[in-house]
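Only one structure is covered here, and it is reproduced in the block below.
The values are calculated or read from the model by the stated rules, or taken from the named source; none is laboratory data. Remember, predicted model here, so these are calculated numbers, not experimental data. As a convention, Cβ positions derive from the backbone with ideal geometry for all residues, glycine included, and neighbour counts pool all protein chains shown. In case anyone asks, the SASA skips ligands and DNA or RNA and just uses the protein heavy atoms, side chains included. Shrake-Rupley method; radii C 1.70, N 1.55, O 1.52, S 1.80 Å.
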Amino acid sequence: MINRPAQAASVAILYQALPPPVIGGLRKDAKPGGYSDGGADIAFALMGAGQRVIVPQGSPDPATALDWVFPDTPQGIAAAIDAGADTLWANTVLFEGHPLEHALGRVAIVGQLPAAMQAYDDKFDTNQMLAAAGLPVARSFLLSRTARDGVHALADVDAVIAGKGLDFPLIVKPVRGRGSQGVTRVADLAALRVAANALIDKATFGDLLMVEEYLAGEEVTVTVMPPSSPAPDGTHHDRHWALRPVCRFDQRGGVAPYNGDVPVAANSVAMAVGRLGDRDVAAMIDACVAAAERVDARAAIRIDCRAGPAGGFKLFDLNMKPNMTGPGRPGRDDQDCLSAIAARADGWSYPQLLLSMLEGRWR
């Protein structure tokens, strides 16, 4: 069991203070607080486990998130390193040109390569890449008001749906979304047009969106860890490996509610151990591990999957920066993230999960 802090590491947690960039006309709406709440949870839990954590305040208040985290700006990163951090935990959205790139090679990182996060945060391109590799992925196409290369016009959407052999209900969602924000299940063509126009008009995520097949079966989330992070028993795998899947329930309109509205602990439970050997479940886990390898995941990622009407799971959303909130600070007892729920099912506490992630830091 992972109980020991990585004593050689002095870790600082970064949160998203930079405004989200526009990438190819698309943007990922910033989370209020820039993940500072989860970053503070990480820092507080690691410090409580005996890990050396560098914080911006000499005596941080457990109830004040910004006392525990540094902004992901050039100044914030420099301040963390100047204060003694030799490891930066990137609890933020990275992209090409992110200031963290200038720290690569100087410090260890818990998180992804900035260029990889930018590339694989595009849900459509990532799913197309995984499907081309032979992995089971929900079918989808791109839609906007006007057609362009690889993008269909909203006016032609009925013909596109028929041509691709898709049926209602369908899912309409942003290409670079966050959680379930902006995700809608639509029952017919009229509802699709309303949802699409609303997303485009609001422009929170840009003028491009995805239309995706709706999988009516069970929804499951799988956290995949890199080989550098040890398993709960302290052993290392020679490839990426998965935590226990987590089953999602109480969807709203066929979509899991955003965790800022409903804590995932209220609508999620770890899969029963007896199901792990089921053929469909085992195949899903194998596919998620293969997907993590395809995107060169350097830290934990989370992949959302759903079963189709005939059984068998398909991957539909790969998250390069999964939510990593957890209990410990005042008022945070219900803030177990999906990865923590998965780990806890096998007797692994939230701090132990974080220590494993920290041990997987890379240079």
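Report the paramagnetic label zone for Arg148: residues of the range 188-225 whose backbone N is under 16 Å from a point 7 Å from Cα along the Cα-to-Cβ axis. Label zone hits: 200-201, 203-210.
Using the average count of surrounding beta-carbon atoms within 10 Å as a protection proxy, the listed peptides 119-127, 180-188, 197-205 rank, highest first, as 119-127, 180-188, 197-205. Sorted on the mean count of surrounding Cβ atoms within 10 Å across their residues, most packed first, peptides 270-282, 16-28 read 16-28, 270-282. The accessible surface of the chain, taken with every protein chain in place and a 1.4 Å probe, is 52 percent carbon and sulfur. Within the range 76-205, the proportion of C-alpha pairs whose separation exceeds 22 Å stands at 51%. Label sites at Asp188 and Asp207, each approximated as a point 7 angstrom past Cα along Cα to Cβ, lie 3.0 nm apart. With all protein chains kept in place, the per residue accessible area of the range 13-150 amounts to 39 square angstrom at a probe of 1.4 angstrom. Using the Karplus relation 6.51 cos²θ - 1.76 cosθ + 1.60 with θ = phi - 60°, the per-residue 3J(HN,Hα) values for the range 218-235 come to 4, 9, 9, 10, 10, 8, 10, 9, x, x, 6, 8, x, 6, x, 8, x, 7 Hz, with x marking Gly and Pro. The largest-to-smallest principal axis extents of the Cα set in the chain are 60, 46, 37 Å. Please report the net charge: other residues with Cβ closer than 9 Å to the Cβ of Pro327, K and R +1, D and E -1. Local charge sum for Pro327: -2. With the contact rule set at Cα under 8 Å and sequence spacing of 6 or more, what percent relative contact order holds for the range 1-70? Over the range 1-70, the number comes to 41 percent. The relative contact order of the chain, computed from alpha carbon pairs under 8 Å that lie at least 6 residues apart in sequence, is 20 percent. Overall shape: oblate for the range 62-125, with the ratio a/c of the largest to smallest alpha carbon gyration tensor axis at 1.5 or above and b/c at least equal to a/b.
With the whole protein complex present, Tyr15 retains an accessible surface near 40 Å², based on a 1.4 Å probe. With 0.36 nm allotted per residue and the present C-alpha distance subtracted, the Leu166-Arg106 stretch has 16.6 nm of extension available. How many angstrom lie between the Cα centre of the range 146-183 and the Cα centre of the range 262-277? About 30 Å separates the Cα centre of the range 146-183 from the one of the range 262-277. Note: the range 182-332, Cα convex hull, 152 Å³ per residue.
His102 contributes about 140 Å² of solvent-accessible surface, heavy atoms of the protein only, 1.4 Å probe. Annotation: per residue accessible area for the range 193-255 equals 39 Å², rounded to a whole number [probe 1.4 Å, protein chains only]. Across the range 67-73, rounded Karplus estimates of 3J(HN,Hα) from the backbone phi angles (6.51 cos²θ - 1.76 cosθ + 1.60, θ = phi - 60°) give 6, 10, 9, 9, x, 8, 7 Hz, Gly and Pro being marked x.
Normalised by the number of residues in the range 253-363, the average gap of Cα pairs under 8 Å and 6 or more apart makes the relative contact order 25 percent.
The distance linking the range 292-328 with the range 56-106 is 25 Å (Cα centroid to Cα centroid, whole angstrom).
Going 7 Å from the Cα of Gln75 in the Cα-to-Cβ direction, what parts of the range 33-54 have a backbone nitrogen less than 20 Å from that spot? Residues passing the 20 Å test: 33-36.
Taking the average, over residues, of other Cβ atoms within 10 Å as the packing measure, peptides 34-42, 82-90 rank 34-42, 82-90 from highest down.
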